[in-house]
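Worksheet: the structure to be examined is printed underneath.
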Amino acid sequence: RSRREDHSTYHHYASNLDIDYYRRYRLEQDLHYAIERKQLFLEYQPKVDSWTGKIIGLEALIRWQHPEWGLIPPNDFIPLAEESSLHLAIGDWVVETACQAMKTWARAGANLIPISVNVSPKRFLIPGFEHQIEQALLKYNLSPHLLELEITEAALIMDDPSTNRMLEQLSHLGVRIALDDFGKGYSSMVYLQRYPINVVKIDRQFATHIADDAKAQAIVKSILYMASVFNLSVIAEGIETIRQLETFRALNCPNIQGYLFSRPVPTDVMQSFLLREILYPIEACSLAGDST
Ligand code: C2E
Ligand code: MG
Ligand code: MG
Ligand code: MG
């Protein structure tokens, strides 16, 4: 083999894998400065009552405005943060920022409704998390019932006794716990029995198929039945069309969240939603028929 051939082989390789590697490496490096450089921000998506269309809660979702690469979605950088201890600082920042937003909206005259934040599975294994939550609530003088923590079963699958202790302590504090993406992975029903969970969030994949898939409907029905027995609240995620909304309503699913009502929006837009106490015209929507 000549030197030239070797070089071109290397070059071919570089153009594919190394670009991803380079981007990943840079993102990981840059993430260290993202908080202090004020590149992280939260958007908020309303959760809506299926029958009245009233906003009953909000979910905070993190975004990263990267100076070179633009807007980076959480699925591209949260996993990087979780590989190091960076997820701790980011997680604290999210809770702090969400509580601060609540205070801002309250000062502007909005009635406060519960807000949820997504919590990395590893966070529950770090002692002191409950104190961090308690401090943030005290600092902004917010009732613990206004804060909900969304966890995925990845946090529970390790079946670590310290996770259960942490969840018990948080529940004791009055904070609510939601099991996110339910139905996506193993979705062991035992989790709902074993851990102090208050809310089940039905994974978006069900919304995608629900209108035309009797089996998906049967699964959602059984989740709703189980939730009623366990006295859990239920919300369906990812509702994009009126047909999907109608199907979830027919199944008696009490709460919904999705682009049909609103995409995640910045703090000031959410403030105007809350001040108008916007009621989504669900009845009117359903008469208009499905747009998709
Ligand atoms: P998730 O908690 O299940 O959040 C729902 C995701 O679905 C969000 O994507 C949201 O924008 C999107 N979504 C909402 N309604 C619809 C819809 O009708 N159709 C479709 N196609 N999508 C919809 P996003 O914001 O990109 O977040 C992705 C995931 O990143 C979240 O999934 C959550 O697991 C994670 N994440 C977001 N923010 C944070 C955070 O602050 N901390 C941690 N640890 N994870 C976060
Ligand atoms: Mg979530
Ligand atoms: Mg989800
Ligand atoms: Mg998710």
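Looking at the stretch 131-152, is at least one residue of a type in the set (G, A, S), away from ligand 3 (no atom under 16 Å from the Cβ), within 16 Å of D92 (Cβ to Cβ) and in contact (Cβ under 8 Å) with a residue 24 or more places away in the chain?
Yes; the residues of the stretch 131-152 include at least one that is of a type in the set (G, A, S), away from ligand 3 (no atom under 16 Å from the Cβ), within 16 Å of D92 (Cβ to Cβ) and in contact (Cβ under 8 Å) with a residue 24 or more places away in the chain.
Scanning the stretch 222-251 for residues that are in contact (Cβ under 8 Å) with a residue 24 or more places away in the chain and more than 21 Å from the chain's Cα centre (by Cα), which turns out most open to solvent (accessible area, probe 1.4 Å)?
R243
Scan the stretch 191-199 and tell me whether some residue there is in contact (Cβ under 8 Å) with a residue 12 or more places away in the chain, out of contact with any Gly (no Cβ under 8 Å at 6 or more places or on another chain) and of a type in the set (F, W, Y).
Yes, the conditions are met somewhere in the stretch 191-199.
Hey, among A108, A154, which residue is surrounded by fewer than 19 Cβ atoms within 10 Å (Cβ to Cβ) and either at pLDDT below 95 or within 16 Å of ligand 4 (Cβ to nearest atom) (or both)?
After applying the criteria, what remains is A154.
Please state which of the following conditions A227 fails to meet, knowing it meets all the rest: (1) out of contact with any strand residue (DSSP E or B) (no Cβ under 6 Å at 6 or more places or on another chain); (2) assigned to a helix (DSSP H, G or I).
For A227, the failing item is (1).
Which of the numbered conditions does G57 fail, given that it passes all the others? Conditions: (1) over 30 Å from T241 (Cα atoms); (2) modelled with pLDDT of 95 or more.
(1)
In this structure, is Q45 at pLDDT 95 or above, open to solvent by less than 60 Å² (accessible area, probe 1.4 Å) and within 16 Å of ligand 2 (Cβ to nearest atom)?
Yes.
Residue check, A211 against (1) in contact with a strand residue (DSSP E or B) (Cβ under 8 Å, 6 or more places away or on another chain); (2) small (G, A, S); (3) within 16 Å of ligand 1 (Cβ to nearest atom), all met but one. Which one?
(1)
Do you know which of the residues in the stretch 162-221 that are out of contact with any Leu (no Cβ under 8 Å at 6 or more places or on another chain) and of a type in the set (F, W, Y) is surrounded by the most Cβ atoms within 10 Å (Cβ to Cβ)?
Only one residue tops the list, namely F182.
Let's see how each residue does on (1) under 29 Å from G128 (Cβ atoms); (2) basic (K, R); (3) within 16 Å of ligand 4 (Cβ to nearest atom); (4) open to solvent by 40 Å² or more (accessible area, probe 1.4 Å):
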| residue | (1), (2), (3), (4) |
| --- | --- |
| R37 | yes, yes, no, yes |
| F41 | yes, no, no, yes |
| W51 | no, no, no, yes |
| I55 | no, no, no, no |
| P67 | no, no, no, yes |
| P79 | yes, no, yes, yes |
| S85 | yes, no, no, yes |
| D92 | yes, no, no, yes |
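Among the residues of the stretch 162-187, which ones are away from ligand 4 (no atom under 16 Å from the Cβ) and more than 19 Å from K122 (Cα to Cα)?
Correct list: H172, L173, G174.
Name the single residue that is farthest from ligand 4 (Cβ to nearest atom) among those in the stretch 115-132 being aliphatic (A, V, I, L, M) and surrounded by 21 or more Cβ atoms within 10 Å (Cβ to Cβ).
Among those that are aliphatic (A, V, I, L, M) and surrounded by 21 or more Cβ atoms within 10 Å (Cβ to Cβ), it is I115.
Among the residues of the stretch 6-28, are any in contact with a helix residue (DSSP H, G or I) (Cβ under 6 Å, 6 or more places away or on another chain) and either at pLDDT 95 or above or open to solvent by 20 Å² or more (accessible area, probe 1.4 Å) (or both)?
Scanning the stretch 6-28 turns up at least one residue that is in contact with a helix residue (DSSP H, G or I) (Cβ under 6 Å, 6 or more places away or on another chain) and either at pLDDT 95 or above or open to solvent by 20 Å² or more (accessible area, probe 1.4 Å) (or both).
The values are calculated or read from the model by the stated rules, or taken from the named source; none is laboratory data. Computed from a prediction, not measured in an experiment: that's the story for all the values here. Positions of Cβ are backbone-derived with ideal geometry, glycine not excepted, and every protein chain shown enters the neighbour counts. Heavy atoms of the whole protein, side chains included, go into the accessibility calculation; ligands, DNA and RNA do not. Shrake-Rupley method; radii C 1.70, N 1.55, O 1.52, S 1.80 Å.
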